[in-house]
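Peer 1: What follows is a structure written as structure tokens; I'll ask about it next.
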Amino acid sequence: MKHLSLSKILLGICIVTIFIGCGSKKSVRTEVTKPPIVSLDTSVKRIGILDRSIPSDESVGLDQVDKILSIEGKKLDEDGAKQALIALKTSLLQNPRFTDVKVLTTRLQENPGGGIFPSALSWDQIEDLCKKNNVDAIFTLALYDTDATATYDVKNTKVEGPLGIEIPAIRHIVNIITRIKTGWRIYDPVNKKVCDQLTVNEKTTATGSGINPIKAIEAAKNRKQSVLQISQKIGSDYALRLLPYKDNVYRDYYVKATPSFEMAKRRVETGQWEGAAELWEKETANPDPEIAGQACFNMAFYNEIKGDYTKAIEWATKSYTDYENKNALRYIDDLKERIEHQEIVGEN
């Protein structure tokens, strides 16, 4: 029988200690509800939507280069802005906190145009708009601008001639890239606060071909429809900033401290959370303080999954205060944040 060297024995002891003592962790994804990105005063129930995106008369010239490429006419920006506003209104009306949403007919002629985000309205203007239209807050489409660029290519082809004979020809191919830039603001007159200011950039590409450049451009007939569809989505998506939303977070829990931890891991993997919690709770009485601390941590994790954040904080606190599990201290902060988020979500 060969004798093991002292160094090999010590190495083996170290490996066992690492495996049992430190208790490696496994990550689990869980879905959480987060508060809205944009928060309005709870008294705000009626919304007025204002279109500020139309350039003032003296600034219209800044947009004319873009209009040349607008094969549907000079109203592409106006039509796109209208679709964005209608979509925003429709989506806001689906939010139960609002009792009325209206698109205002007021025209403010001080927009610089040319894709420039205008300065904020004064609070006197906001209060006047709210009073005249019987609303509590103002949403503005402060900017809507399309910027189109075209690229051309030609290819040799053949077309049928007058006598039915194919003759050489050149086919023109055009790609029109349209960039859509929108800018939004939300004014809360209750707190005299601009709650949100956001710029959204999207683009769409239309392709056409023909026997001459004009025919190629005319063939790109889907451009306007694409711009309007994207504008609708921009408006709908902007309304989502006022709603709670789901997000994924990853939580680590201990899986290797003892055979019970490994069994609990398998139960978690098969959705048997109650069974896993039974094993973890027994291990909270383990004479090894490190293992007991890990078990307490896992009990906090279990209660978070159940939605009992108060109980989760109690277990995480025990893990840190009684057993010095430093991971639990960070976990406590995460759980407190979740409680705050739940309270905010409950108010909306």
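The values are calculated or read from the model by the stated rules, or taken from the named source; none is laboratory data. No experiment lies behind these values; they were computed from the predicted model shown. Note: ideal-geometry Cβ built from the backbone for every residue, glycine included; neighbour counts use all protein chains shown. Note: accessible area is taken over every heavy atom of the protein model, side chains too, but ligands, DNA and RNA are not part of it. Shrake-Rupley method; radii C 1.70, N 1.55, O 1.52, S 1.80 Å.
Peer 1: For the stretch 20-41, which residues satisfy the criterion of being at pLDDT 75 or above, hydrophobic (A, V, I, L, M, F, W, C) and not in a strand (DSSP E or B)?
Peer 2: The answer is Ile37, Val38, Leu40.
Conditions (1) modelled with pLDDT under 75; (2) open to solvent by 50 Å² or more (accessible area, probe 1.4 Å); (3) farther than 23 Å from Arg46 by Cβ, marked per residue:
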site: Leu141; (1), (2), (3): no, no, no
site: Asp145; (1), (2), (3): no, no, yes
site: Leu163; (1), (2), (3): yes, yes, yes
site: Glu166; (1), (2), (3): yes, yes, yes
site: Lys192; (1), (2), (3): no, yes, no
site: Asp196; (1), (2), (3): no, no, no
site: Ile217; (1), (2), (3): yes, no, yes
site: Gln225; (1), (2), (3): no, yes, yes
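Peer 1: In addition: Cβ-Cβ below 9 Å, separation at least six or inter-chain, first residue in the stretch 10-37 and closer than 30 Å to Arg241 by Cα, second modelled with pLDDT under 75 and exposed (fewer than 12 other Cβ atoms within 10 Å of the Cβ): which pairs?
Peer 2: Note: pairs meeting the criteria are Pro35/Glu343; Pro35/Glu347.
Peer 1: Quick one: Thr105 ticks every box in (1) at pLDDT below 85; (2) among the polar types (S, T, N, Q); (3) assigned to a loop (DSSP other than H, G, I, E, B) except a single one, so which number is it?
Peer 2: Just one mismatch for Thr105, condition (1).
Peer 1: To continue, here is another question. List pairs: first residue in the stretch 256-275 and touching a residue at least 24 places away in the same chain (Cβ under 8 Å), second residue surrounded by 13 or more Cβ atoms within 10 Å (Cβ to Cβ) and assigned to a helix (DSSP H, G or I) anywhere in the structure, Cβ distance under 6 angstrom, at least six positions apart or on different chains.
Peer 2: Ala257/Ile291; Ala257/Gln294; Ala264/Ala276; Ala264/Leu279; Ala264/Trp280; Val268/Ala276
Peer 1: For the stretch 239-249, give me each residue that is among the hydrophobic types (A, V, I, L, M, F, W, C), surrounded by fewer than 17 Cβ atoms within 10 Å (Cβ to Cβ) and part of a helix (DSSP H, G or I).
Peer 2: Correct list: Leu240 only.
Peer 1: Return yes or no: is Gly48 open to solvent by less than 30 Å² (accessible area, probe 1.4 Å), out of contact with any Lys or Arg (no Cβ under 8 Å at 6 or more places or on another chain) and modelled with pLDDT of 80 or more?
Peer 2: no
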